[in-house]
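For reference, the structure discussed in these notes is given below.
The values are calculated or read from the model by the stated rules, or taken from the named source; none is laboratory data. Source: prediction; values computed, not measured. Cβ coordinates were reconstructed from backbone atoms using ideal geometry, including for glycine residues, and neighbour counts include every protein chain displayed.
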Amino acid sequence: MTASRLPGSEQERTCTGRTLVSTEVRRGERVTVWLDGRDRLVSTPTGRVDAAVESALFGLGAALVVSGAAFGTASLARRRLDRRRLAQWDEQWRLVGPRWSQRAG
């Protein structure tokens with residue numbers, strides 16, 4: 001455990017915490033650590049490339065989910081409309097079918 005001074009903050013304060021460091025770091029040497037909004041140690045923030053790739057993947061995933069939902073909704077609506085049309089066609093064929101069959105035969 002080590003005490004650290006946080007320069008550049010609104011109020012310079014001392015925090016303590018534990019973190020893993022390389023075995024090549026000597027005692028008294030400066031080590032950069034990252035803190036969250038509650039002054040807890042966190043892992044290194046992602047770089048620009050990693051952030052861009054992650055954003056692109058999340059965007060692609062969101063687009064796939066939205067398009068899948070739209071496709072599913074359209075398929076369901078089409079199925080219901082087709083059932084309705086077939087029921088209407090069947091009902092009309094019951095009326096017209098007997099007369100049509102007599103002409104053909």
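Miscellaneous remarks
- Test: residue in segment 7-21 that is touching a strand residue (DSSP E or B) at 6+ places or on another chain (Cβ under 7 Å), modelled with pLDDT under 70 and of a type in the set (Val, Ile, Thr): yes
- Enumeration of residues in segment 38-84 that are under 30 Å from THR19 (Cα atoms) and surrounded by 10 or more Cβ atoms within 10 Å (Cβ to Cβ): ASP39, ARG40, LEU41, VAL42, THR46, ASP50, ALA51, ALA52, VAL53, GLU54, SER55
- Pair list, Cβ < 8 Å and 6+ apart or interchain, from segment 17-33 residues that are surrounded by 10 or more Cβ atoms within 10 Å (Cβ to Cβ) to residues that are of a type in the set (D, E, K, R): GLY17/ARG40
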